[in-house]
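Here's the structure we're looking at; comments come further down.
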Amino acid sequence: MITAIQILIASLIDAVFGEPRRYHPLVGFGHLARRVETWFNRQPASPGLLRLLGVLAWLLLVLPFGLIAHGLGHLPEVGIIADCLLLYLALGTKSLVDHARAVAIALRDDDLPMAQEKVAMLVSRDTNRMDAADISRATVESVLENGNDAIFAAIFWFAVLGAPGVVAYRLANTLDAMWGYRNARYEYFGSFSARVDDWLNWIPARLTAMSYLMLGHFRSGWWAWTNQARQWQGSNPGVVMASGAGALQIRIGGPDYYHGEYRQRPWLGRGPLPDYFSIERSIGLVQRSLLLWLLIIITGAWFVR
């Protein structure tokens, strides 16, 4: 029951205050990770050595903070509060909603340059090439995928392993975002980070997808999940975005530009392409899913206490 209450309180704190505007621990961790990479990512080197160095760098960055979280949780009197604050710092619901809604407002006002500027805070694509439809599509994709990464997976690992679990998950997810690319620099060094993130997200991604189905158009979402998700690069994002697109009865994915490179991505979902109103609908789907998770967690804790 204590864990359920901590999840509820952390979610409420995030809903009211959002992420810290200054000195966010994940920002500091990102700076540390870049420095560690310069020490360990020795290019050129053999693939085997780079993989080993990637594992060592991951362990050096993640394990100490997981142990610190474990120690804080066992402090007399303040351990419960420390765990709650660590979960709050791992959540990104309000930040995700605020960034996505800023894009939708700019599109509603026909301010394409502003929409391009705002969507650049959500995605790593060439936003200067985007028109209104591209921006809407990219924003909906980000909302659906980050619903898992920044909300539901964090809650899942806190429920399973407490503060050490959510800290390890969030740091591993950050390292995957930084190192998990299949290019000359990270193909071998970042392979362990990418694989661990896949493992940690396997169950949460499917729970997130099921939440989207239950609170959207179930039949359309199930069809997209079972017929389209496997075509996406990365099974976890594919499952989450396909089910979300189907639940909303829209079509996302498709071709796009990343760092000047044209990529032909598969389509996910069925129906019209998103517009600015679809962004608001995707936000609503994630918010309803969070309420469902909190209801299930509190109810389940009440009956097993």
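Bear in mind these aren't lab numbers, they're just calculated from the coordinates by the rules spelled out. Only a predicted model underlies this, so the values are computations on that prediction, with no experimental measurement involved. Neighbour counts are summed over all protein chains in view; Cβ atoms, including those assigned to glycine, are modelled from backbone coordinates with ideal geometry.
Each principal axis of the Cα atoms in segment 94-192 has its own extent, and those three values, largest first, are 45, 36, 15 angstrom.
Multiplying the residue separation of Leu12 and Ile296 by 0.36 nm and removing their Cα-Cα distance gives an extension gain of 100.6 nm.
Comparing Cα centroids, segment 114-182 and segment 36-90 end up 19 angstrom apart. Which residues in segment 154-188 have a backbone N closer than 15 Å to a point placed 7 Å from the Cα of Val36 along the Cα-to-Cβ line? Only 167-180 pass the distance filter. Place a point 7 Å from Cα of Met114 in the direction of its Cβ. Which residues in segment 86-103 have their backbone N less than 11 Å from it? Within reach of a label on Met114: 102-103. For the chain, a Gaussian network of Cα nodes joined below 10 Å ranks Thr174, Thr93, Thr139 by mean-square fluctuation, and the top entry is Thr174.
Classification of segment 196-305 by its C-alpha gyration tensor yields a prolate form. The axis ratio a/c (a ≥ b ≥ c) is 1.5 or more, and a/b outweighs b/c.
The trypsin sites (Lys or Arg not before Pro) found in segment 3-63 that occupy coil by DSSP, while having at most 16 further C-beta atoms within 10 Å, are Arg21, Arg22, Arg42.
Using a cutoff of 8 angstrom between alpha carbon atoms and counting only pairs six or more residues apart, the relative contact order for segment 2-304 works out to 21 percent. If you take the Cα centroid of segment 218-267 and the Cα centroid of segment 285-302, the two points sit 25 Å apart. Of the Cα atoms belonging to the chain, the radius of gyration and Dmax stand at 19.4, 57 Å. Given a Förster distance of 51 Å, report the FRET efficiency between Ile5 and Ala45 from their Cβ-Cβ distance, rounded to the nearest 0.05. Given R0 = 51 Å and the Cβ-Cβ separation, E is 0.55. I'd like the FRET efficiency for Ala133 and Asn183, computed as 1/(1 + (r/R0)^6) with the beta carbon distance as r and R0 of 30 Å, rounded to 0.05. Computed FRET efficiency for Ala133 and Asn183 comes out at 0.60.
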